[in-house]
């Protein structure tokens with residue numbers, strides 16, 4: 001039965017992968033598919049003596065580093081392709097089977113991790129652990145006796161997950177084959193340092209800040225030769241192997257617990273019994289634990305946890321082992337609390353893969369850094385199937401990836417996401433971070449902890465919510481995707497967020513349905529800052545966009561920012577350099593296709609169609625409202641075409 | 001005894017020399033320390049210390065020649081903020097920085113060479129012209145572009161031939177900087193190159209060529225008349241713009257004819273140009289157009305106050 005299921009799943013995976021080829025995506029229509037939008041954009045450009053062919057960037061304004069993603073290179077040359085990219089992501093999701101959406105789609109998107117200067121041997125067509133013999137495998141041979149009294153579905157699940165972890169570890173190890181032990185150790189110890197911020201920075205002297213910056217720069221430069229030798233594709237393959245193992249064992253377990261069969265505990269320790277544990281087994285990959293139907297309590301850093309139900313409490317910590325290691329948690333029900341004792345927990349892949357599947361219940365995740373679908377030199381995947389959940393994390397969390405992939409997929413319920421930094425669909429160098437929320441009225445918050453000491457006394461950096469980031473000028477960035485399919489959602493960030501990016505990266509926030517509210521301060525809501533791409537696309541609903549500046553369709557410094565709202569009666573409120581603004585040779589477009597909208601600004605000399613000069617030529621800012629009765633303060637007016645004194649700024653309201 | 005006296009004299013001499021040397025060294029260390037400290041503050045690494053940045057920068061400028069050698073050591077920076085700080089400070093220090101900067105032009109470090117070129121342009125010292133021209137054939141297109149920009153800022157006509165040749169460069173950023181420079185050095189021989197620039201495949205070259213034609217003034221008018229006969233498109237639109245910005249009375253009648261064009265953009269830009277010129281004939285023609293015009297962009301140009 002399980003074997004047949006495996007074959008069907010494997011075939012569906014293969015079909016899925018083949019139908020989503022990279023080349024196909026790039027050969028799709030290069031410009032906005034909506035002809036009216038395309039036509040209006042063309043007219044707007046004509047008003048400033050330009051053509052759509054002028055909306056191009058180069059990919060070599062600076063020396064191309066080894067970590068530039070081919071996808072970003074391609075879209076930079078034709079920034080409007082970003083609309084097709086988004087459309088393809090949504091189409092992939094729409095066409096995928098329910099299983100693929102959870103277990104394979106995030107990994108197919110890893111094909112975008114084709115990195116210019118480093119090896120990426122991601123193979124879409126092969127899964128090494130497809131042919132697990134459930135009767136006779138390494139797990140049954142070595143630990144069969146210890147689990148012989150367990151029911152077959154549980155034994156099979158353990159076999160699957162055990163082999164999945166071994167395969168995943170082996171693939172991850174292979175990804176680092178070209179590096180010495182010392183080099184790997186350097187990456188393990190040093191790379192997180194460049195991602196972690198210090199709340200005490202605001203109290204440091206200029207000399208201390210300068211020394212810190214120099215130290216981190218030196219540290220980063222030292223790592224470049226090592227990073228150039230790893231295989232990012234193979235890292236993600238490791239995660240895909242483990243996701244596949246999880247996928248094939250899950251249906252059997254769900255079937256098994258339907259009748260809640262009595263299970264005799266195999267644990268002898270009194271505390272284990274008190275903690276509602278059924279099995280605790282030491283293995284070569286780490287501890288394996290099965291918890292019962294009651295209130296189970298887990299601690300330490302087990303490799304595998306299967307929880308059969310109940311309102312459980314987790315208090316897990318990072319695996320202290322220095323070798324490659326992976327982990328899986330499958331919680332089959334209950335309102336659970338996941339508490340972190342350290343960084344790198346709950347769907348966290350760090351030199352390995354980490355997967356957490358929570359099948360049902362209103363869960364609370366209270367975590368630290370590198371958690372909740374975080375892949376740093378690894379793959380992290382968190383799938384929460386149902387319930388109104390609360391996610392809390394600090395830095396690099398909730399769908400964050402660098403040299404790997406991090407994904408958080410929440411399939412139902414009204415959820416609350418709260419993080420400090422680099423979170424909620426965040427892509428750093430060589431990585432892709434994805435947060436997908438399928439339904440419910442959700443709330444996303446990012447910021448509030450690390451002050452933006454460079455710019456402000458009283459604002460915090462967010463760099464989250466469909467945000468991607470590179471290290472200027474030495475490392476191009478990754479891809480950050482936040483996709484919310486339905487519900488009335490609230491997005492709150494401060495500095496950098498909401499479909500934006502910095503330095504040769506791509507950040508996208510897509511919201512399909514619902515009356516949504518977007519609040520941010522700066523560099524947000526479809527903003528690109530310094531040779532990069534950012535897009536916020538909202539398909540339906542009456543939405544409200546509130547920001548202060550460099551936002552709502554703003555491109556700064558040879559970058560592209562797009563805010564595209566497809567329908568609904570929307571309101572756009574900002575202070576300056578927003579609503580179709582280009583600065584320092586960037587392109588910024590705000591396009592609203594339908595509805596009766598309101599556009600409100602604090603300053604009219606750099607908003608609603610602003611393109612200021614830099615390097616002796618123009619930036620481009622365009623505001624397009626294709627239909628509806630609209631209200632403006634500022635340059636715009638209903639049923640009017642206008643250009644602004646900035647010369648390369650234009651607006652069309654039809 | 002004589003030997004002993006000689007030895008004492010020698011030792012004393014050495015002590016004097018050494019102490020002088022040490023003082024000199026100590027002095028140099030002191031200056032370096034001061035420059036380094038001021039430089040860190042002037043970079044404005046934190047909002048908290050932002051108010052100290054400008055005074056620190058002014059102090060470095062005031063130090064002048066004394067600070068130059070230590071600032072030169074920082075030209076290899078890759079940090080954009082630091083680059084701007086150096087451009088401002090060394091640009092203001094001026095002449096004392098020229099020779100050391102020329103010495104960095106052939107640096108194997110791209111950042112150092114590129115920023116040196118930029119600062120020399122800001123200083124506007126003609127002694128840099130020949131060394132800069134020597135870089136126009138380098139592979140690094142950012143360097144070539146910066147050189148064009150700096151030659152334009154210096155404004156020495158001896159660079160004309162080399163700059164006009166760069167209007168054929170394969171990289172648009174270089175062509176753009178060359179067209180800007182040709183406008184700045186104000187040499188009428190540039191007009192054919194700039195007219196061609198109005199049809200460039202990159203909008204930056206088209207825009208800057210139009211600006212430079214305006215910079216060159218009246219001699220640009222006649223070539224624009226020829227472009228008025230071309231079909232609607234960017235070169236025509238820019239020619240109309242140039243004529244307007246030059247306030248050419250001789251262009252009024254040809255422009256009035258353009259108001260009959262079927263292309264709405266041609267009519268709109270012509271309205272803008274005629275308003276710019278301000279000739280009563282043009283204003284009357286715009287009033288006539290308003291009676292029959294329906295396109296919203298043309299109407300917005302008609303209704304817009306000049």
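For residues that are under 17 Å from residue A:196 (Cβ atoms), surrounded by 15 or more Cβ atoms within 10 Å (Cβ to Cβ) and either within 25 Å of the chain's Cα centre (by Cα) or free of Cβ contacts under 8 Å to residues at least 24 places away in the same chain (or both), tally how many sit in the stretch A:218-227.
Looking only at that region, the number is 2.
Restricting to the stretch B:258-269, name every residue that is assigned to a helix (DSSP H, G or I) and either away from chain A (no Cβ under 13 Å) or free of Cβ contacts under 8 Å to residues at least 24 places away in the same chain (or both). Spell out how you get there, then give the answer.
The first filter runs over the stretch B:258-269 and keeps only residues assigned to a helix (DSSP H, G or I), leaving B:258, B:264-269.
Within the stretch B:258-269, just B:258 meets the criteria.
Would you check which residues across the stretch A:396-410 are farther than 12 Å from residue A:428 by Cα and touching a helix residue (DSSP H, G or I) at 6+ places or on another chain (Cβ under 7 Å) and list them?
A:407, A:409
Among the helices (runs of 4 or more DSSP H) contained in the stretch A:189-286, which hold 3 or more residues that are closer than 30 Å to residue A:157 by Cβ and modelled with pLDDT under 95? Reasoning before the result, please.
On the way: elements: A:206-227, A:232-257, A:270-274.
Because the criterion is at least 3 residues that are closer than 30 Å to residue A:157 by Cβ and modelled with pLDDT under 95, the helices (runs of 4 or more DSSP H) in the stretch A:189-286 that meet it are A:232-257.
Please work out if residue A:555 is out of contact with any helix residue (DSSP H, G or I) (no Cβ under 6 Å at 6 or more places or on another chain), assigned to a strand (DSSP E or B), within 14 Å of chain B (Cβ to nearest Cβ) and more than 16 Å from residue A:519 (Cα to Cα).
Working: out of contact with any helix residue (DSSP H, G or I) (no Cβ under 6 Å at 6 or more places or on another chain): yes; assigned to a strand (DSSP E or B): yes; within 14 Å of chain B (Cβ to nearest Cβ): no; more than 16 Å from residue A:519 (Cα to Cα): yes.
Taking the combined requirement at face value, the residue does not satisfy it.
I'm told residue A:289 meets every condition in (1) over 16 Å from residue A:374 (Cβ atoms); (2) not in a strand (DSSP E or B) except one. Can you identify the failing condition by its number?
Every condition holds for residue A:289 apart from (2).
Any residue at all in the stretch B:274-284 that's under 30 Å from residue A:52 (Cβ atoms), within 14 Å of chain A (Cβ to nearest Cβ) and surrounded by fewer than 23 Cβ atoms within 10 Å (Cβ to Cβ)? Steps first, please.
Step one: of the stretch B:274-284, the residues under 30 Å from residue A:52 (Cβ atoms) are B:274-276.
Checking which are within 14 Å of chain A (Cβ to nearest Cβ) leaves us with B:275-276.
If we keep only those that are surrounded by fewer than 23 Cβ atoms within 10 Å (Cβ to Cβ) as well, we get B:275-276.
The answer is yes, given that some residue of the stretch B:274-284 is under 30 Å from residue A:52 (Cβ atoms), within 14 Å of chain A (Cβ to nearest Cβ) and surrounded by fewer than 23 Cβ atoms within 10 Å (Cβ to Cβ).
From A:521, A:502, A:575, which residue is without any contact (Cβ under 8 Å) to a residue 40 or more places away in the chain and over 18 Å from the mean Cα position of the chain (by Cα)?
Working: A:521 fails: without any contact (Cβ under 8 Å) to a residue 40 or more places away in the chain; A:502 fails: over 18 Å from the mean Cα position of the chain (by Cα).
Residue meeting the stated conditions: A:575.
Please find, within the stretch B:41-89, the residue that is nearest to the other protein chains (Cβ to nearest Cβ) out of those that are within 21 Å of the chain's Cα centre (by Cα), over 23 Å from residue B:29 (Cβ atoms) and in a helix (DSSP H, G or I).
B:80
From the list A:637, A:629, exactly one residue is modelled with pLDDT of 95 or more and away from chain B (no Cβ under 14 Å). Which is it? Let's see the steps before the verdict.
Details: A:637 fails: away from chain B (no Cβ under 14 Å).
Going through A:637, A:629 in turn, the sole match is A:629.
Give the residues of the stretch B:285-299 that are without any contact (Cβ under 8 Å) to a residue 12 or more places away in the chain and within 14 Å of chain A (Cβ to nearest Cβ), sorted by residue number.
Across the stretch B:285-299, the qualifying residues are B:294, B:296, B:299.
Name the residue, out of B:213, B:255, that is more than 19 Å from residue B:302 (Cα to Cα), at pLDDT 95 or above, touching a helix residue (DSSP H, G or I) at 6+ places or on another chain (Cβ under 8 Å) and part of a helix (DSSP H, G or I).
Working: B:255 fails: more than 19 Å from residue B:302 (Cα to Cα).
Among B:213, B:255, only B:213 is more than 19 Å from residue B:302 (Cα to Cα), at pLDDT 95 or above, touching a helix residue (DSSP H, G or I) at 6+ places or on another chain (Cβ under 8 Å) and part of a helix (DSSP H, G or I).
Can you name every residue in the stretch A:302-313 that is touching a strand residue (DSSP E or B) at 6+ places or on another chain (Cβ under 6 Å) and either more than 23 Å from residue A:150 (Cα to Cα) or assigned to a loop (DSSP other than H, G, I, E, B) (or both)? Let's see the steps before the verdict.
Going through the stretch A:302-313, the residues touching a strand residue (DSSP E or B) at 6+ places or on another chain (Cβ under 6 Å) turn out to be A:302-307, A:313.
Once the filter is applied, which keeps residues that are touching a strand residue (DSSP E or B) at 6+ places or on another chain (Cβ under 6 Å) and either more than 23 Å from residue A:150 (Cα to Cα) or assigned to a loop (DSSP other than H, G, I, E, B) (or both), the stretch A:302-313 yields A:302, A:303, A:313.
Within the stretch A:183-217, how many residues are closer than 21 Å to residue A:231 by Cα, surrounded by fewer than 16 Cβ atoms within 10 Å (Cβ to Cβ) and either within 14 Å of chain B (Cβ to nearest Cβ) or in contact with a helix residue (DSSP H, G or I) (Cβ under 9 Å, 6 or more places away or on another chain) (or both)? So that I can check it myself, show each step before the final result.
Start the filter on the stretch A:183-217 by keeping residues that are closer than 21 Å to residue A:231 by Cα, which leaves A:183-192, A:194-195.
From what's left, surrounded by fewer than 16 Cβ atoms within 10 Å (Cβ to Cβ): A:185, A:188-190.
If we keep only those that are either within 14 Å of chain B (Cβ to nearest Cβ) or in contact with a helix residue (DSSP H, G or I) (Cβ under 9 Å, 6 or more places away or on another chain) (or both) as well, we get A:190.
Of the residues in that region, 1 qualify.
Give me the strands (runs of 3 or more DSSP E) completely within the stretch A:339-447, filtered to those with at least 3 residues that are under 26 Å from residue A:525 (Cβ atoms), ordered by residue number.
A:390-392, A:395-397, A:400-402, A:404-410, A:416-419, A:421-423, A:431-437, A:443-446
Within the stretch B:175-204, how many residues turn out to be part of a loop (DSSP other than H, G, I, E, B), at the interface with chain A (Cβ under 9 Å from one of its Cβ atoms) and surrounded by 18 or more Cβ atoms within 10 Å (Cβ to Cβ)?
Total meeting the criteria: 1.
Restricting to the stretch A:412-429, count the residues that are closer than 13 Å to residue A:372 by Cβ and touching a helix residue (DSSP H, G or I) at 6+ places or on another chain (Cβ under 8 Å). Break it down into steps so the answer makes sense when it comes.
Restricting attention to the stretch A:412-429, the residues satisfying the condition of being closer than 13 Å to residue A:372 by Cβ are A:415-420, A:422-426.
So of that shortlist, the ones also touching a helix residue (DSSP H, G or I) at 6+ places or on another chain (Cβ under 8 Å) come out as A:422.
Residues meeting the conditions: 1.
Can you pull out every residue in the stretch A:44-57 that is within 8 Å of chain B (Cβ to nearest Cβ) and surrounded by 16 or more Cβ atoms within 10 Å (Cβ to Cβ)?
Scanning the stretch A:44-57 gives A:46, A:47, A:49, A:50, A:54.
So which residues in the stretch A:542-553 are surrounded by fewer than 24 Cβ atoms within 10 Å (Cβ to Cβ) and out of contact with any strand residue (DSSP E or B) (no Cβ under 6 Å at 6 or more places or on another chain), if there are any at all?
A:542
Residues of the stretch A:90-108 being crowded, with 22+ Cβ neighbours inside 10 Å and assigned to a helix (DSSP H, G or I), which ones?
Those that are crowded, with 22+ Cβ neighbours inside 10 Å and assigned to a helix (DSSP H, G or I): A:100, A:102, A:103, A:105, A:106, A:107, A:108.
State all residues of the stretch A:602-617 that are buried (at least 24 other Cβ atoms within 10 Å of the Cβ) and either assigned to a strand (DSSP E or B) or touching a helix residue (DSSP H, G or I) at 6+ places or on another chain (Cβ under 9 Å) (or both); if no residue qualifies, say none.
Restricting attention to the stretch A:602-617, the residues satisfying the condition of being buried (at least 24 other Cβ atoms within 10 Å of the Cβ) are A:606-611.
Correct list: A:607, A:609, A:610, A:611.
Looking only at the stretch A:477-486, decide whether some residue is away from chain B (no Cβ under 14 Å), assigned to a loop (DSSP other than H, G, I, E, B) and closer than 25 Å to residue A:216 by Cα. Full working, then the answer.
First, the residues of the stretch A:477-486 that are away from chain B (no Cβ under 14 Å): A:477-486.
Add one more test, that the residue is assigned to a loop (DSSP other than H, G, I, E, B), and what stays is A:477-478, A:485-486.
This time we only want the ones that are closer than 25 Å to residue A:216 by Cα, so: A:477-478.
Yes, that holds for at least one residue.
Go through the stretch A:64-88 and report how many residues are surrounded by fewer than 22 Cβ atoms within 10 Å (Cβ to Cβ) and more than 17 Å from residue A:38 (Cα to Cα).
Counting residues in the stretch A:64-88 that are surrounded by fewer than 22 Cβ atoms within 10 Å (Cβ to Cβ) and more than 17 Å from residue A:38 (Cα to Cα) gives 8.
The values are calculated or read from the model by the stated rules, or taken from the named source; none is laboratory data. Quick caveat, the model's predicted, so the values are computed rather than measured. Cβ atoms come from the backbone with ideal geometry, glycine included; neighbour counts cover every protein chain shown.
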